[in-house]
Amino acid sequence: MRLSMTRRRVALTLGLAGVLAAGTATTVALKGPSQPAAAATVAATRAISCDTKAGGKHFYDGPSASKKYDTRFSNSAALPKLGSYVPQGIGTWWNWSGKKDLLLVTMYHTGKQSLIVGIDPATNKVVGDVAIAETHGGGITTSMGWAFVQGSTNGIRKYKLSTLAAAMKKAGTPYVKAVGSERKVYGASFLTSYGDSLWSGKFNKDGRDKMYEYKIKSNGTLVTVNKAWEVPTKTQGLLVTKTHFVYSTSYGRDKLSNLYVVRRGQPDLDKAKLSCFRAPSMSEGITEYGGRAYLVFESGSYPYRSDKTTKNVITRLHKASISSLTSLA
């Protein structure tokens, strides 16, 4: 969304944004994995209050998002190729080469092949990148010998990790082809995994939506668990732990993002124990590695970084300890 506001004028609207929190909240029917074309059943529900108290000193461009964010997060690795590509999803790849691990970031440029970039979390250096068929790349995760990436709006592609590893070690940007056709799901706007489960759901700028859990078979097949989970409005990314869901939500370069920490067990957000607080603008995917959450932003990329209405221009990953987040709910 493009609005002709200056940074100063945007900042003056922060109080109103705090009152509105997540906007008009809606909820969807929580039974049955509806087909993508099916209309969701919606009903009005209460708005979730998000902490808007600003911090003091902060470590990123633009105004402080919130004290809770500023005291928990810090800078991590710089994102590459922001002059040509827009980062979206982020996932973790354990033991990709011996005992070495990678953070995988998906990046897109409309009309071109997309990228998967590998960043070593031990050194914050880019190890390599590969090209894949064009996709928005809203989510990426690895499990059971496979990498899963958003394909279409309602589709998930799979790539063999052995093939991906060989390509990542080559010079240049080799092309890697997905295995088979994409798996159609309710929504693939964001996705992640925990153990042998993949979680995937739908972005909705106008109200809450839902996600589903899928059991991952050794051949990469995804088997639907017939239970939906309500997700916040404008969900862009998801991190799953044994006890919690952490949602990254955003929409609009001139608006702050929200992070929701939700205790697992209750699929209805109105009944779940949760906490919400402001984050810098244009947050996208989020992943866990080494007891830390790593959050990616698209605001530092070429379509947004020179626009004065972009509230926070962020060119690096941000990280926070998982315990500092889950302790909130």
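Computed from the coordinates by the stated procedures, all read-outs in this text should not be read as laboratory data. All values reported here derive from a predicted model rather than from experimental measurement. Every residue, glycine as well, gets a Cβ built from its backbone with ideal geometry; the counts of neighbours run over all protein chains shown.
Estimated from helices alone, the mean residue ellipticity of the chain at 222 nm is -2000 deg cm²/dmol (sum of -39500 (n - 2.57) over DSSP H runs with n ≥ 4, per residue). Placing unit charges on the Cβ atoms only, positive for Lys and Arg and negative for Asp and Glu, gives the stretch 93-204 a dipole magnitude near 200 debye about its Cα centre. Relative contact order of the chain, taken over Cα pairs closer than 8 Å and 6 or more residues apart, is 19 percent. The distance between label points at residue 57 and residue 110 comes to 4.1 nm (points 7 Å beyond Cα on the Cα→Cβ vector). With a cut-off of 18 Å on the backbone N, the residues of the stretch 216-251 near the modelled label site 7 Å out from residue 152 along Cα-Cβ are 222.
If R0 is 30 Å, the Cβ-Cβ spacing of residue 95 and residue 75 corresponds to a FRET efficiency of close to 0.70. Taking the Cα centre of the chain as reference, the dipole from Cβ charges on Lys and Arg (+1) and Asp and Glu (-1) amounts to some 280 debye.
When peptides 99-110, 228-239 are ranked by their average number of other Cβ atoms within 10 Å per residue, the highest-first order is 228-239, 99-110. From most to least packed by mean Cβ count within 10 Å, the peptides 198-204, 171-177, 159-165 give 198-204, 159-165, 171-177. Averaged over residues, the count of other Cβ atoms within 10 Å places the peptides 127-139, 292-304 in the sequence 292-304, 127-139, highest first.
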